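Note sheet for the following structure.
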Amino acid sequence: MKKVLVTGATGNVGSRFVPRLLAKGYEVRILVRQAITTAAEIVIGDLDDANTLPAAVAGMDAVIHIAASYNPAHDTNLSGTLSLAHAAIAAGVQRFVFVSTAKVYRPDYGRPAREDDVLAIHEDNAYFAGKVATEQALLSLNIDTRILRLGFVYGDGDTHLARMKGHFHPDAKLHMVHHLDVAQALILLLERDGLNGEVFNLGDDAPVSFQELGLATPTTEPLRYPFEGVMDTSKLRSRTGFRLLVPRYKKE
């Protein structure tokens, strides 16, 4: 799996992942809307324009699909991903790694969320609804697919956490994961045989409370869902031997 197409290369995750993939010796191609400065091969295109996708996947061994839009209706992300997957199948791409989110889970399991749990129905959030629908659609296709559900990604100068806004219960938790660990997990799923159709959670060993993060809103109300946002991350370790480089959140 030496020739890899990466989507979302200009985003928070992709912009930090692509240099690490290149450093490992992979031949990396990126699909972008406009040219950027990079050591990777560039193909200009758009997930919403299916005509640009055959050139993006031609000659590739694998696709790592990170890109997603937060703004449009959920079927835009779904249709774009399926167009990419169908183009990959037609081109003979061997493997498709899809980056999803812990937000596909419901808050009310009463324990950390596991990969085989029934997923949420996000009627009020098109982005999360799109992730759920896209996961289900990809797993039905005739291509070796692996799905990685990420906790809240941080590190490497990512300011996403500092820009969070809202009212957060002091005891509510975020399951964090460092960009370093996202990169090594994606490379593991890219390379490891025997994982077709598998879904994995990725997060730190210990979720962090909003109180610890300094983002809590004082309240006397009890926390309704103590395990909301918390995942069981043991499957990735037990199935693959994966070990975190940054096992617990640390402020940078």
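Quick look at the values:
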item: Relative contact order of the chain, pairs being alpha-carbon contacts under 8 Å that are 6 or more residues apart, as %; result: 19
item: Charge tally in the Cβ shell below 14 Å around Ile42, where Lys, Arg are +1 and Asp, Glu are -1, Ile42 excluded; result: -1
item: Relative exposure of Met60, Met164, judged by other C-beta atoms within 10 Å (fewest first); result: Met164, Met60
item: Over the range 22-120, relative contact order from alpha-carbon pairs under 8 Å, at least 6 apart, %; result: 22
item: Of the trypsin sites (Lys or Arg not before Pro) in the range 163-252, those whose Cβ has at most 16 other Cβ within 10 Å and which sit in DSSP loop; result: Lys165, Arg192, Arg224, Arg243, Arg248, Lys250, Lys251
item: Prolate/oblate/rounded call for the range 194-233, Cα gyration tensor, a/c under 1.5 rounded; result: prolate
item: Kirkwood hydrodynamic radius over Cα pairs of the range 12-71, then Stokes diffusion coefficient at 37 °C and 0.692 mPa s, in µm²/s; result: 266
item: Gain on full stretching of the segment that runs from Asn196 to Asp49 - 0.36 nm per residue minus C-alpha separation; result: 50.2 nm
item: Angle in degrees between helix 179-191 and the longest Cα principal axis of the chain, rounded to the nearest 10; result: 50
item: Radius ratio Rg over Rh of the range 129-177, counting only Cα atoms, Kirkwood formula for Rh; result: 1.11
item: At R0 = 30 Å, FRET efficiency that the Cβ-Cβ distance of Lys24 and Lys165 yields, to 0.05; result: 0.25
item: Listed residues Arg95, Arg146, Arg20, most fluctuating in the chain (Gaussian network, C-alpha, under 10 Å); result: Arg20
item: FRET efficiency, Ile42 to Asn125 (Cβ-Cβ, R0 35 Å, nearest 0.05); result: 0.65
item: Residue of Gly155, Gly130, Gly214 that the Gaussian network model of the chain assigns the largest fluctuation, springs spanning Cα pairs under 10 Å; result: Gly214
item: Relative contact order [Cα under 8 Å, 6+ residues apart], the range 109-252, whole percent; result: 34
item: Environment charge of Val182, counting only residues whose C-beta is closer than 13 Å and scoring Lys/Arg +1, Asp/Glu -1; result: -1
item: Rounded Å value of the spacing that divides the Cα centres of the range 40-63 and the range 146-216; result: 27
item: Global size of the range 69-139 as Cα Rg and Dmax, reported in angstrom; result: 13.4, 44
item: Chymotrypsin sites (Phe, Trp or Tyr not before Pro) within the range 98-148: DSSP coil, no more than 16 neighbouring Cβ in 10 Å; result: Tyr109
item: Potential extension, Glu252-Arg114 segment - 0.36 nm per residue separation minus Cα distance; result: 46.8 nm
item: Burial ordering of Ile44, Ile187, Ile147, fewest other beta-carbon atoms within 10 Å first; result: Ile44, Ile187, Ile147
item: Listed residues Leu189, Leu119, Leu202, most fluctuating in the chain (Gaussian network, C-alpha, under 10 Å); result: Leu119
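Read-outs throughout are calculated quantities, based only on the coordinates presented, and are distinct from any laboratory measurement. What you see is a predicted model; the values in this text were computed from it and never measured. Reconstructed Cβ throughout: ideal geometry from the backbone, glycine too, with neighbour counts over all protein chains shown.
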